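Below you'll find the structure, written out as structure tokens, and then a few comments.
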Amino acid sequence: MPKIVDHDQRRDEIALVACRVVADHGFDQATVVRIAREAGYTTGMVAHYFDTKQDIIIAALRLILRRIEERLTRPAGDTQPDLLLLLAEALPVDEQRYTECAFWIAFWSQVSADKRLKRINAWVHREYMRLFERCLARGWQEWTQWPPVRREQVLRSVVQLRLQLHLLRAWASSAAVLRPDKLRKSSKPSASGSSAA
């Protein structure tokens with residue numbers, strides 16, 4: 001009897017591997033050949049599901065967004081959710097979320113050069129805003145009483161904070177890996193009392 005293949009699951013598997021490949025090697029080095037090899041498939045198998053590398057990247061974006069939504073919208077039971085814990089679900093606090101973060105950063109570096117990716121990025125941004133607005137509405141009872149302009153300002157600030165934390169962690173991780181000796185030297189005060197350059 002032939003094996004029954006779940007095609008949606010296989011697409012998700014390839015998209016998930018693409019996330020890791022982009023996070024580990026960068027956007028340009030994440031070729032279809034490399035993604036196929038790391039997924040344990042032939043390039044022909046990957047081509048059966050995706051026409052281009054860009055299609056794989058878009059599938060990866062959708063997968064990440066779906067996983068973030070699942071984390072952010074888990075039922076909190078009868079109690080009001082802790083907003084800080086809820087929003088922490090979208091921060092790079094474990095390997096899975098760090099990979100997602102690294103993928104986003106690599107993706108954003110490509111957006112300005114590609115009209116289709118710009119459109120996808122605009123859609124992703126709208127989805128993020130929608131998700132975080134749901135979180136804030138769940139976490140703060142007074143949310144609906146605020147004027148729309150105030151809610152928009154708070155929402156944008158939260159999303160910006162999330163992005164800054166992603167970038168801060170990426171910067172700190174790469175700096176620590178690439179130049180740990182330089183970091184130690186620069187953290188010592190100079191003779192004049194300020195940090196060394």
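Inter-label distance, Ala122 to Arg138: 2.9 nm, where each label sits 7 Å from its Cα along the C-beta direction.
Expressed in nm to one decimal, what extension gain is obtained for the pair Gln164 and Thr52 from 0.36 nm per residue of sequence separation less their Cα-Cα distance?
Working: separation 112, 0.36 × 112 = 40.32 nm, distance 3.11 nm.
Gain on extension, Gln164 to Thr52, equals 37.2 nm.
Compute the accessible area per residue over the range 1-68, keeping the other protein chains in place, probe 1.4 Å, unit Å².
On the way: 3770 Å² over 68 residues.
That works out to 55 Å² for each residue.
Across all Cα pairs in the range 1-48, the calculated P(r) in 10 Å bins from zero up to the longest distance comes to 27, 52, 17, 4, 0 percent per bin.
The values are calculated or read from the model by the stated rules, or taken from the named source; none is laboratory data. Just so it is clear, the model here is predicted, and its values are computed rather than measured. Virtual Cβ from ideal backbone geometry, glycine too; neighbours counted across all protein chains shown. Side chains included, ligands, DNA and RNA excluded: accessible areas come from the protein's heavy atoms. Shrake-Rupley method; radii C 1.70, N 1.55, O 1.52, S 1.80 Å.
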